[in-house]
Amino acid sequence: STSLMAGKRGLIMGLANDKSIAWGIAKACADAGAELAFSYQGEALLKRVGPLAEQLGSNIVLPCDVSDEASMDALFAELEAKWGKLDFVVHAIGFSDKNELRGRYVDTTRGNFAMTMDISVYSFTAIMQRAEKMMTEGGSALTLTYYGAEQVMPHYNVMGVAKAALEASVMYLAEDLGKKNIRVNAISAGPIKTLAASGIGDFRYIMKWNEYNSPLRRNVTIEDVGKSALYLLSDLGSGVTGENLHVDAGYHVVGMKAVDAPDI
Ligand code: NAD
């Protein structure tokens, strides 16, 4: 249907390439009739993000490094000048030193802990400070998290601690912004082979484990995440805020290895 998001304008942050979760979400929103703007980090990504945006009929492609306040101010100033009002925003951004996405959590350095929290957690709050001002008719915001926030996953380490903080910030943002009819939710996606995921140790093993042990006996795709994102970002999710929706083929309900799971 192209009417669900007709007349709605959304900012997609965190598109790196056509494997990105942000791409699955952008496609679902554009198919439903939304008008999109994209932010990208670093000049090197422009040659990828530019053509992808164009595929979805968007020519608003702006640089933004979320660790830099001036860069964030510039992004929102530009968007304000172009659009005035904003209906939705997608935060599909995370980062940590990949040397600490293996081995032991206890060995996390102070520097990488602070950087991981800044880029992967605080950035969503910093975005909402700015987006709030443009969401004059209400709005919907979405971030991406992982089950490693709730249970210990191999190698996820400091990123698990960051995702737990991100999930808590979703609740606090939902309360603060709810009075303005701005909804704030998260999707907890199952493992998907993306650029960011390739930094996590033994990621192939994690993918196999989820495929063999999730109730649906498969991994999820960026299209699966896109469809659920569309629900939360559109009027279909009008009564939902502060939620963490698991789009993980049901893996989060499983308590033990499936009896039919092959050896990995
Ligand atoms: P991805 O590599 O395609 O996207 C990560 C994005 O973060 C990139 O576009 C990168 O440019 C951006 N980014 C990093 N540092 C930035 C900064 N300082 N400023 C602006 N942008 C910055 O990988 P992805 O898997 O699509 O990741 C999107 C989100 O989904 C992340 O939050 C990730 O933790 C989350 N997630 C991923 C999985 C998975 O298995 N892939 C599962 C659950 C949650």
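Summary table
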{"quantity": "Unmet criterion (only one of (1) surrounded by 24 or more Cβ atoms within 10 Å (Cβ to Cβ); (2) under 17 Å from Leu79 (Cα atoms)) for Lys163", "calculated": "(2)"}
{"quantity": "Matching residues in the range 201-222 - criterion: being more than 13 Å from the ligand (Cβ to nearest atom) and of a type in the set (A, V, I, L, M, F, W, C)", "calculated": "Leu216"}
{"quantity": "Some residue of the range 99-114 being under 18 Å from the mean Cα position of the chain (by Cα), within 12 Å of the ligand (Cβ to nearest atom) and either closer than 30 Å to Tyr231 by Cα or not acidic (Asp, Glu) (or both)", "calculated": "no"}
{"quantity": "Filter pass, Leu144 being outside any loop (DSSP other than H, G, I, E, B) and among the hydrophobic types (A, V, I, L, M, F, W, C)", "calculated": "yes"}
{"quantity": "The range 104-126, residues that are farther than 12 Å from Ser67 by Cβ and buried (at least 22 other Cβ atoms within 10 Å of the Cβ)", "calculated": "Phe124"}
{"quantity": "Extreme residue, surrounded by the fewest Cβ atoms within 10 Å (Cβ to Cβ), among residues of the range 167-195 that are in a strand (DSSP E or B) and away from the ligand (no atom under 16 Å from the Cβ)", "calculated": "Ile182"}
{"quantity": "Among the residues listed as Glu167, Glu175, the single one being under 23 Å from Ser96 (Cβ atoms) and either within 17 Å of the chain's Cα centre (by Cα) or in contact (Cβ under 8 Å) with a residue 60 or more places away in the chain (or both)", "calculated": "Glu167"}
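Every number in this text was worked out from the coordinates using simple rules, so none of it is lab data. It should be emphasised that the depicted structure is a prediction, and the values quoted were computed from it without experimental measurement. No Cβ is skipped: glycine too gets one built from the backbone with ideal geometry, and neighbour counts run over all protein chains shown.
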